[in-house]
Amino acid sequence: MLKTVSLLLLFAVLVSSSLFASDSDTDRPNILFVYLDDFGWKDTGFMGSDFFETPNLDRLASQGMVFTNAYAGAANCAPSRACLLSGQYSPRHKIYNVGTRARGKAQFRRLKHVPGVNVLNPEIKTWAQRLQKSGYATATMGKWHLSDDPVPYGFDLNIGGSHAGGPPRGYYPPHPNVPGLANAPNGEYVTDRLATEAINFIRKNKDRPWAIFLTHFAVHTPLNAKKELLAKYKSKPPGKLHQHVNMATMIQAVDDGVGLIQNALEELGLVEKTIIVFYSDNGGYGPATDMAPLKGYKGTYYEGGIRVPFFVKWPGKVTPESSSSEPITAVDIYPTLCEMAGAGLPENQILDGESLVPLLTGEKKSLADETDERAIFWHFPAYLQSYRDVNDEQRDPLFRTRPCSVMRMGDWKLHQYFEDGGLELYNLNDDVGETQNLSEKYPKRTKNMLTRLKAWQQETGADIPSVPNPEFDSAVEAAALKK
Ligand SMILES: [Ca+2]
């Protein structure tokens with residue numbers, strides 16, 4: 001009798017575990033993560049561009065949840081990407097800037113910058129590694145920027161990824177020595193190639209869960225137009241907000257590729273089981289686009305440098321035509337993707353963000369809890385020099401940013417600048433363009449937020465620049481400021 005029961009039990013366990021295994025495998029959603037480079041807050045139709053055309057992205061956005069207060073992890077490429085992949089704020093992974101060299105003229109820098117590192121520490125496990133380990137087929141396609149080779153960071157396939165910050169010789173072949181692109185056909189635009197590679201990967205892995213990090217080079221410089229689209233935008237009346245013809249062709253190429261991928265998903269019957277995430281690594285490139293009414297552009301810590309478009313389409317889970325105004329940032333993506341994929345979280349790694357799944361499913365309206373208002377943070381202990389032709393929406397004409405920390409809590413945003421101790425406080429609900437510095441009007445709030453910001457700096461081990469730069473020359477700086 002006992003033996004029979006045990007056998008039955010064993011049988012039941014085997015059946016249920018095999019059922020569970022097949023269930024979990026077929027139920028696990030695919031993830032298409034479309035990640036653009038230097039793509040501004042208003043650069044899509046659904047965010048309000050009056051010149052750039054993105055009908056495919058607009059349609060997908062309308063089928064999901066659009067986040068209106070989504071932020072990049074930093075105002076420029078490498079640090080933002082490191083936050084996204086690691087789930088950690090920059091003081092923990094120490095990728096503070098693109099490269100470790102000081103930027104801008106030495107005579108203008110009051111402090112020695114903190115160089116940080118330029119390779120993502122391989123001890124830090126990425127969400128891609130979690131997904132891969134849990135059974136996903138994983139691929140990265142496009143810009144990587146965090147090491148020479150993305151493969152050890154959790155990708156089965158790498159097309160185009162290297163330490164380079166853009167396609168080394170532009171958007172058209174040849175791409176010598178670029179993995180997966182060395183034999184790109186003559187005349188083929190790289191954005192098109194990446195979409196084709198994504199479709200190939202989906203076809204090959206259609207019967208198992210897959211995740212593609214489609215991290216387009218677009219729309220980073222060089223602003224190489226897609227030639228076939230030039231005539232269309234040259235003859236289109238310029239918008240008030242956006243006018244840049246080359247940029248318009250680059251954006252349409254991304255959107256056309258998204259349309260082709262969507263067609264492939266339809267043909268393969270995968271639409272209902274594929275999550276689509278759309279995001280950018282920092283604000284738009286100042287000389288080519290505009291984030292108005294936001295102030296600033298790529299490189300500044302005003303909203304235009306860090307607030308970016310973000311939506312999630314998750315069939316059956318996210319209500320179509322929904323939106324969220326919750327402030328979210330790059331470190332929130334890691335726990336979100338792992339939860340969506342059922343991939344679990346790493347045991348011995350600090351993750352700074354929170355899963356967005358409760359917002360996506362409508363279970364919660366906000367990530368703040370009753371006792372503690374959630375805050376999100378940035379730390380940039382370095383310099384970014386001005387663009388030559390655009391310096392009207394930054395704190396001073398010489399730099400897009402000087403060393404700073406920034407936090408957002410509720411409607412409020414505090415900037416702390418280390419050179420001069422400058423504090424700027426804004427209420428983004430009333431003043432999204434950050435025009436009225438309220439730090440003197442609200443000293444108590446300023447002080448409370450600064451206390452919290454400093455506690456965060458301490459907790460994360462943030463390097464605060466404090467050593468005077470011996471090359472600083474106030475006379476040279478003053479002369480440059482007079483120009
Ligand atoms: Ca970027």
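Each value in this text was obtained by applying a stated rule to the coordinates, not by laboratory testing. It should be emphasised that the depicted structure is a prediction, and the values quoted were computed from it without experimental measurement. In this analysis, Cβ positions are derived from the backbone assuming ideal geometry, glycine residues included, and neighbour counts consider all displayed protein chains.
Descriptive notes on the structure:
- Peptides 368-378, 220-230 ordered by packing proxy, namely the average of other Cβ atoms within 10 Å per residue, highest first: 220-230, 368-378.
- Global form of the stretch 170-274, assessed from the alpha-carbon gyration tensor, a/c cut-off 1.5: oblate
- Residues of the stretch 310-349 with amide N under 15 Å of the 7 Å Cα→Cβ point at residue 365: 323-327
- Listed peptides 351-362, 234-245 by packing density, highest first (mean Cβ within 10 Å): 351-362, 234-245
- Taking amide H as placed 1.01 Å from N in the peptide plane, residue 280 has its amide H under 5 Å from the amide H of 36, each at least 5 places away in sequence or on another chain.
- Ellipticity estimate at 222 nm from DSSP helix runs (n ≥ 4, -39,500 (n - 2.57)) divided over the chain, nearest 500: -9000 deg cm²/dmol
- Net +/- balance of residues flanking residue 252 in space, Cβ distance below 14 Å, scoring K and R +1, D and E -1: -2
- Each principal axis of the Cα atoms in the stretch 350-393 has its own extent, and those three values, largest first, are 47, 23, 19 angstrom.
- Contour excess over end-to-end distance, with Cα ends at residue 481 and residue 272 and 0.36 nm allotted per residue: 69.6 nm
- With R₀ fixed at 30 Å, the C-beta to C-beta distance from residue 321 to residue 429 puts the FRET efficiency at about 0.85.
- Tail fraction, Cα-Cα pairs, the stretch 414-476, threshold 17 Å, whole percent: 54
- When the C-alpha to C-alpha distance is required to be over 20 Å, the pairs from 298/413; 273/313; 317/364; 143/232; 112/413 that qualify are 143/232; 112/413.
- Across the stretch 187-199, computed HN-Hα scalar couplings (Karplus, 6.51 cos²θ - 1.76 cosθ + 1.60, θ = phi - 60°) run x, 8, 6, 5, 4, 5, 4, 5, 5, 4, 5, 4, 4 Hz from first to last residue, x flagging Gly and Pro.
- Among 131-143, 258-270, sorting by the average number of other beta carbon atoms lying within 10 angstrom of each residue, highest first, gives 131-143, 258-270.
- For the stretch 316-331, Karplus couplings with θ = phi - 60° (6.51, -1.76, 1.60), whole Hz, Gly/Pro x: x, 10, 9, 5, x, 6, 9, 8, 9, 9, 5, x, 10, 9, 4, 5
- Placing one equal scatterer on every Cα of the chain and applying the Debye formula, the log10 ratio I(q)/I(0) at q = 0.07, 0.10, 0.13 Å⁻¹ is -0.37, -0.74, -1.25.
- If you take the Cα centroid of the stretch 427-463 and the Cα centroid of the stretch 111-171, the two points sit 32 Å apart.
- Sequence-distant residues sharing a close amide H with residue 422 (under 5 Å, placed H): 417
- Sequence-separation-based contact order of the chain, relative, with Cα cut under 8 Å and 6+ spacing, percent: 24
- Normalised contact order of the stretch 170-318, rounded percent, pairs of Cα under 8 Å and 6 or more residues apart: 18
- Considering only alpha-carbon pairs that sit under 8 angstrom and 6 or more positions apart, the relative contact order computed for the stretch 248-319 is 29 percent.
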